[in-house]
Amino acid sequence: MARTQERVAIVGAGPAGAFAAACLLRARGHTEIDLFERLATPWGLLRGGVAPDHQEIKRLQDTFDRQTLGRGCRLLANVEVGTDISHAELMRHYTAVVYATGAQTDKSLGVRGEDLPGSWPATEFVAWYNGHPDYREVEFDLSAKRAVVIGNGNVAADVTRMLTLSARELERTDVADHALEALRDSRIEEVIVLGRRGPAQAAFTSAELRELGRLDGVDIRVDPDDVELDPASREWLAERGTFTARKNVELLREFAARPARPDAQRRIELRFLRSPVEIRGNGRVEAIDIRANEIARGSDGSLRAQPVDCDPETIECGLVLRSVGYRAVPLPDVPFDERHFVLPNERGRVLTSAGDPLPGVYAVGWIKRGPTGILGTNKRDAEETIGSLAEDLGNGALPQPPNPGREQIDALLAKRKPDLVTAEGWRAIDGHELERGRNEQRPRVKLTSRQELLAAASRS
Amino acid sequence: MTYVIAGSCIKDDSCIEVCPVDCIHPKPGDPDFEAAEQLYIDPVLCIDCDACVEACPVDAIFADFEIPSKFEYALELNAEFFAGQTTAERTAA
């Protein structure tokens with residue numbers, strides 16, 4: 001029997017989708033892959049999340065390009081699955097569909113005043129400075145002297161750095177032009193970063209934390225009392241603490257011991273065991289009330305923050321960036337686990353509400369495991385999902401779809417999305433941005449509106 | 001000399017796959033792998049072959065005499081990750 005051509009759609013061209021495509025091509029080189037992407041540009045958070053001053057990490061895009069588009073995987077960008085084409089339609093055209101849509105929204109704090117103007121999810125600030133077309137028109141008011149960042153993860157570290165880097169340093173990055181202009185005029189002198197738990201529980205990588213202490217013209221302040229660990233944290237750190245947690249505590253002690261530098265242009269203050277209670281202001285953020293916590297051992301042995309009975313403290317500020325985690329949103333016509341905010345799955349095979357595999361539907365990345373891990377985590381994650389998919393393909397478990405031909409999906413998309421962006425279109429965008437970068441001695445100057453991106457793509 | 005991995009490591013395991021002496025840790029499946037923020041090169045075992053430098057997709061690996069100043073700390077950090085392990089532990093597969 002002649003083998004029918006396998007055609008797989010991967011939805012989302014971020015790191016998880018890219019690693020999945022590369023892995024599938026290694027496992028089954030004859031498989032045809034179409035990589036769908038909502039935006040006009042691929043590589044997801046590598047382009048739109050990784051901070052502009054971390055250019056070395058952005059080099060991963062060359063590997064993605066080489067291992068996917070360079071090996072025949074097609075890019076179908078500027079197409080939104082669920083809007084431009086439905087899940088059912090994908091299932092009629094492809095042997096399998098792999099969802100790699102990530103976690104597109106942020107967790108909320110659940111405190112009063114969270115939605116006051118001037119209080120933002122840090123992820124929107126990130127999207128704005130990275131030139132995400134949906135956030136180009138957003139205006140961040142940087143006219144106050146003090147900003148407060150809530151959260152102790154790497155997104156909190158990134159936004160803190162972006163608020164304190166000098167214009168001279170920002171000019172050497174691919175930060176979006178609109179953000180460069182706004183940050184150049186920023187009057188923020190102090191960024192206070194609040195961690196709900198203590199130094200031993202901070203989720204920063206030690207590399208990100210170390211960087212905060214090495215910024216040009218920026219003083220870093222940590223209260224020595226804050227780095228005195230409570231007995232439970234001390235015990236945990238000594239017995240089960242990770243290498244990173246031990247390094248973080250070491251770094252924070254070193255920061256706490258540094259003499260203050262009143263001459264510094266900007267200041268970062270890291271405060272621990274503090275939670276927001278309310279964000280206040282008349283029509284916009286003017287202050288945040290915070291309360292103190294202590295570490296308590298939960299019933300499962302985990303170390304949690306527990307409020308201490310005392311009066312709240314008020315910090316005056318004009319900007320609040322909330323960075324307490326990403327969260328996935330449900331996809332139309334695909335099962336969703338409302339408790340864990342992922343597609344219910346077993347080793348990447350998406351499950352129905354009854355717990356049975358939904359034939360031909362897979363998940364990879366944050367939509368599969370939740371928003372955890374770093375870029376490379378997606379490689380192992382993709383290996384698991386693609387392992388399941390390759391096994392199902394090899395067993396003949398996936399039937400031929402009703403409209404299996406490539407020309408059939410192409411005809412449908414040509415009708416609905418005449419401005420679809422292919423690999424050639426993306427290369428034209430990429431080349432244009434790099435050239436603009438060369439002219440300005442910057443790594444890249446991004447196009448940040450959908451219109452500009454589509455115009456550049458059409459010049460391919 | 002030795003090679004060292006800097007903080008821009010994304011834990012892509014390409015370097016582990018190509019290392020001929022298995023001196024890059026933690027490895028996928030190791031108990032401390034998921035919690036690790038980056039991978040580290042054991043300076044005692046590294047044979048300076050350069051294979052990992054070629055494999056790294058984000059250029060996070062440097063020869064010890066070529067470490068950019070912003071990653072200076074990485075030499076000590078890589079060594080420290082393995083400190084306290086015996087030679088037998090270091091060379092166990």
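Nothing in this text is a laboratory measurement; each read-out follows from the coordinates by a stated rule. Note that the coordinates shown come from a computational prediction; the quantities given were computed from them, not determined experimentally. Every residue, glycine as well, gets a Cβ built from its backbone with ideal geometry; the counts of neighbours run over all protein chains shown.
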Where the only charges are on Cβ atoms (+1 Lys, Arg; -1 Asp, Glu), what is the dipole of the protein assembly as shown about its Cα centre, to the nearest 20 debye?
1000 debye
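Tell me the net charge near A:Pro330. Cut-off is 10 Å between Cβ atoms, A:Pro330 excluded, with +1 for each Lys or Arg and -1 for each Asp or Glu.
Numbers: positive: none; negative: A:Asp333, A:Asp337, A:Glu338.
Computed value for this residue: -3.
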Quick check on the stretch A:115-187: take the gyration tensor over C-alpha atoms, sort the square-rooted eigenvalues as a ≥ b ≥ c, and tell me if it's rounded (a/c under 1.5), prolate or oblate.
rounded
Just to be sure I understand the model, the point goes 7 Å from the Cα along the line to the Cβ. What's the resulting A:Thr422 to A:Asp356 distance in nm?
4.0 nm
If the limit is 29 Å between Cα atoms, which of A:Lys368/B:Lys27; A:Lys446/B:Lys27; A:Lys58/A:Lys107 go over it?
A:Lys446/B:Lys27
Could you pull out every one of the lysines with an alpha carbon less than 19 Å from that of A:Lys247, ignoring same-chain neighbours closer than 8 positions?
B:Lys11, B:Lys70
Restricting to DSSP loop positions (anything but H, G, I, E, B) with no more than 11 other Cβ atoms inside 10 Å of their own Cβ, which trypsin sites (Lys or Arg not before Pro) remain in the stretch A:169-198?
A:Arg187
What FRET efficiency do you get for A:Ala167 and A:Asn439 if R0 is 25 Å and r is their Cβ-Cβ distance, rounded to the nearest 0.05?
0.85
Note down the net charge around B:Ala36, summing +1 for each Lys or Arg and -1 for each Asp or Glu among other residues with Cβ under 15 Å from its Cβ.
-2
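What is the magnitude of the charge dipole of the stretch A:4-72 about its Cα centre, with +1 placed on the Cβ of each Lys and Arg, -1 on the Cβ of each Asp and Glu, and no other charges, expressed in debye to the nearest 20?
Details: 9 positive and 8 negative charges, 22 e Å.
Dipole magnitude for the stretch A:4-72 comes out near 100 debye.
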Hey, how many Å between the Cα centroid of the stretch A:195-214 and the Cα centroid of the stretch A:99-127?
21 Å
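Express in nm, to one decimal, how much length is gained between A:Glu250 and A:Ser302 on full extension, taking 0.36 nm for each residue of separation and deducting their alpha carbon distance. Display every interim value, and only then the final one.
Numbers: separation 52, 0.36 × 52 = 18.72 nm, distance 2.17 nm.
Length gained, A:Glu250 through A:Ser302: 16.5 nm.
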Identify the GluC sites (Glu not before Pro) of the stretch A:82-149 meeting these criteria: DSSP loop state and at most 11 other C-beta atoms within 10 Å of the C-beta.
A:Glu137, A:Glu139
Take the alpha carbon gyration tensor of chain B, find the square roots of its eigenvalues, order them as a ≥ b ≥ c, and report rounded if a/c is under 1.5; if not, report prolate when a/b exceeds b/c, else oblate.
rounded
Return the loop-located GluC sites (Glu not before Pro) in the stretch A:1-72 (DSSP other than H, G, I, E, B) with at most 11 other Cβ atoms within 10 Å of their own Cβ; answer none if there are none.
none
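Would you work out if the stretch A:107-325 is rounded, prolate or oblate? Take a ≥ b ≥ c from the square roots of the eigenvalues of the alpha-carbon gyration tensor; rounded if a/c is under 1.5, else prolate when a/b is larger than b/c, oblate otherwise. Walk me through the numbers before you get to the answer.
Working: a/c = 1.75, a/b = 1.38, b/c = 1.28.
Prolate shape, in that a/c is at least 1.5 and a/b is the bigger ratio.
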Do me a favour and compute the ellipsoid semi-axes for the protein assembly as shown from its Cα gyration tensor, root of five times each eigenvalue, largest one first, whole Å.
38, 29, 25
Of A:Ala397, A:Leu412, A:Ala382, farthest towards positive along the dipole that unit charges on Lys, Arg, Asp, Glu beta carbons give the stretch A:371-424
A:Leu412
Indicate, rounded to the nearest 5 percent, the antiparallel portion of the DSSP beta bridges found entirely in the protein assembly as shown.
40 percent
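What ranking do B:Met1, A:Met162, A:Met91 get, fewest neighbouring Cβ atoms within 10 angstrom at the top? Intermediate values should be presented prior to the final figure.
Values: B:Met1 11, A:Met162 25, A:Met91 20.
The fewest-first ordering by Cβ neighbours comes to B:Met1, A:Met91, A:Met162.
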If I take R0 = 30 Å and measure r between the Cβ atoms of A:Glu235 and A:Asp311 in this structure, what FRET efficiency does the formula 1/(1 + (r/R0)^6) give, to the nearest 0.05?
0.50
Taking R0 as 30 Å and r as the Cβ-Cβ distance between A:Leu412 and A:His30, the FRET efficiency 1/(1 + (r/R0)^6), rounded to the nearest 0.05, comes to 0.80
Along the charge dipole of the protein assembly as shown, which of A:Thr244, A:Leu35, A:Leu163 sits closest to the positive end, that is, farthest toward it, with unit charges on the beta carbon of Lys, Arg, Asp and Glu (+1, +1, -1, -1)?
A:Leu35
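Suppose every Lys and Arg Cβ carries +1 and every Asp and Glu Cβ carries -1, with no other charges. What dipole size does the stretch A:107-325 come out with about its Cα centre, to the nearest 20 debye? Can you show the working numbers first?
Numbers: 32 positive and 40 negative charges, 100 e Å.
The calculated dipole for the stretch A:107-325 is roughly 480 debye.
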What residue among A:Pro52, A:Val364, A:Gly283 has its Cα farthest toward the positive end of the dipole of chain A, where the charges are +1 on Lys, Arg and -1 on Asp, Glu, each on the Cβ?
A:Val364
